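The values are calculated or read from the model by the stated rules, or taken from the named source; none is laboratory data. Everything quoted here is computed from the prediction, not taken from an experiment. For neighbour counting, all protein chains shown are included, and Cβ atoms are generated from backbone atoms with ideal geometry for every residue, glycine included. SASA here: full protein model, heavy atoms, side chains in, ligands and nucleic acids out. Shrake-Rupley method; radii C 1.70, N 1.55, O 1.52, S 1.80 Å.
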Amino acid sequence: MAAGVSPGGVGGLFRASPDGGKPPGAKRFVAESPAYLPHMPPTSGPGPAAQDTETSPAAPPGTHDPQAPTAARVPGQAGRADRGADTTPRPHLTELRLSAYAGHRAAVLRLGPVTLLTGPSGGGKSTALAACAALAALGNGSSLAEAFPEPHAAVPETARPDPQRRRGFRIGCVSDGPAGPVRLDLAVQAEPELRVVGERLSGDGVVYLETALRDPARRTVQAAWHTAGNSAVTRAPLPDDLLGTTLLPLRVAGRTKEQRNVLAAAEQTVLALRSLFPCTADPTAMRPPAFGGGGLLRRDCANLAEVLHRAARECRTRYGLLEAAVREGCAGPVEGLTTELMPGGGVAARLLRPEGPGTPLSRLGDGELRYLAMALVLFTGPGVLDVDPASEVPGALQTLTVLADDFDRHLDEHQVALLLDLAARMAARGHIRLLGALSRPPAPAEGSPGGPRGAFPGVRLVEVGRTGRGTPEQ
């Protein structure tokens, strides 16, 4: 890096790389872009792992492992491969890449079925989850202003503006699924105005889509994607406040094999991003009776009682498992969960006790309410969460990833261990994944095979902010 150029500043954001970001031997279907193309990392594949500790004996199924058999790429399906079952991996994120974002520099966080970010306060755990949630919002069609309500906070503190007083940040991710590993890199200008200045979608050594800001006076970026029809490359302007990858299915006809590859990569990335569910369970919001949530659990879990009422009527098996989890994680003897309709139209819930009328949610502690909400999320999955998955894709082929910042807030060690054991068991089925942040390493529950503190079967621990926020790319 040249002297005087800070991470995430103008030199890293707007200066094109010497090789154009193209690895040796990679196919490139788009022309080299002018000076406004942001520097993007190579497209030759995922970088090295972050400082993570895999706490199970082997790498968790569902993560990108070139040496793993194909059948093991889908959690819970490896054992069914020899019986002719469908082992096509469901789209999900395998990496979060924070090239220049807030306090992160060239950080690569590898994600397993259950991944927990650990590290000191201020190390960037919540920042990483916020970046992931912003990518999810962009994948759902939100504008940059909606995904980044405070874009200045995402700019690295040491970033220096260029002569046009521009500063920005770079983030990205890698998804895996039927199209194989697909990488998305995004460069955003935060000052003086919020806009996309560059985007790249790549995989298998091929750049499927590349956009660049050519004329700062126009609110568009120039996009190019491979078509292999009458014209080898299609170029068109795209809005500079939206994720271009989400617009490809509306622009690419899919007549040629190359076009279908572009569509497959774009659709897999969008589906993986739309399957992210940020869960911020708020005990204060869960205590009053729930009104009008449509039966779908909101992000703050304010309508917890209403969703419990629906789950009791629609799936007694999972509801029974939830009651068993509540008996293990809540204080005092618990016989079950019950809900009732209130005169004003709301729904209230309470724990059934051996004696007395039971304990309403309004009298439970903050930790008990958060434990109950997270257990409900992990047991029920996408069917009862207020998430907007792709309706054209069957639910059996989708994987929901729950984002849980401050996962252990208000929880004791026993409750954390129970939830992590539940998350690992649910993730093994392939329909749900978990990415959370911890304030302290987890301690296995009493009698579990987890071993010492910080070791828990099926859970990947990624340490952030100890010697550096993430692991630099190579």
Flag for residue 254 being over 17 Å from residue 178 (Cβ atoms) and modelled with pLDDT under 90: no
For the structure I just gave you, tell me whether residue 235 is buried (at least 22 other Cβ atoms within 10 Å of the Cβ), in contact with a strand residue (DSSP E or B) (Cβ under 8 Å, 6 or more places away or on another chain) and assigned to a strand (DSSP E or B). no
Looking at residue 409 and the list (1) part of a loop (DSSP other than H, G, I, E, B); (2) modelled with pLDDT of 90 or more; (3) open to solvent by 10 Å² or more (accessible area, probe 1.4 Å); (4) closer than 26 Å to residue 271 by Cα, which single condition is not satisfied? (4)
Does residue 366 count as at pLDDT 95 or above, surrounded by fewer than 21 Cβ atoms within 10 Å (Cβ to Cβ) and touching a helix residue (DSSP H, G or I) at 6+ places or on another chain (Cβ under 8 Å)? yes
Criterion (surrounded by fewer than 17 Cβ atoms within 10 Å (Cβ to Cβ) and touching a strand residue (DSSP E or B) at 6+ places or on another chain (Cβ under 8 Å)) met by exactly one of 323, 314, 306, 340: 340
Quick one: how many residues across segment 112-133 are open to solvent by less than 20 Å² (accessible area, probe 1.4 Å), over 18 Å from residue 186 (Cα atoms) and out of contact with any helix residue (DSSP H, G or I) (no Cβ under 9 Å at 6 or more places or on another chain)? 3
Which of the numbered conditions does residue 393 fail, given that it passes all the others? Conditions: (1) modelled with pLDDT under 95; (2) within 28 Å of residue 124 (Cα to Cα); (3) surrounded by 14 or more Cβ atoms within 10 Å (Cβ to Cβ). (2)
Residue, nearest to residue 154 (Cα to Cα), within segment 99-111, restricted to residues that are surrounded by fewer than 24 Cβ atoms within 10 Å (Cβ to Cβ) and of a type in the set (Gly, Ala, Ser): 102
Scanning segment 290-321 for residues that are within 23 Å of residue 275 (Cβ to Cβ) and among the small types (Gly, Ala, Ser) gives 293, 294, 295, 302, 311
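Residue-by-condition table, conditions (1) farther than 28 Å from residue 193 by Cα; (2) within 15 Å of the chain's Cα centre (by Cα); (3) modelled with pLDDT of 85 or more:
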site	(1), (2), (3)
69	yes, no, no
135	no, yes, yes
150	no, no, yes
179	yes, no, yes
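Which of the strands (runs of 3 or more DSSP E) found entirely inside segment 146-224 contain at least 2 residues meeting this: within 26 Å of residue 433 (Cα to Cα) and among the charged types (D, E, K, R)?
167-176, 182-191
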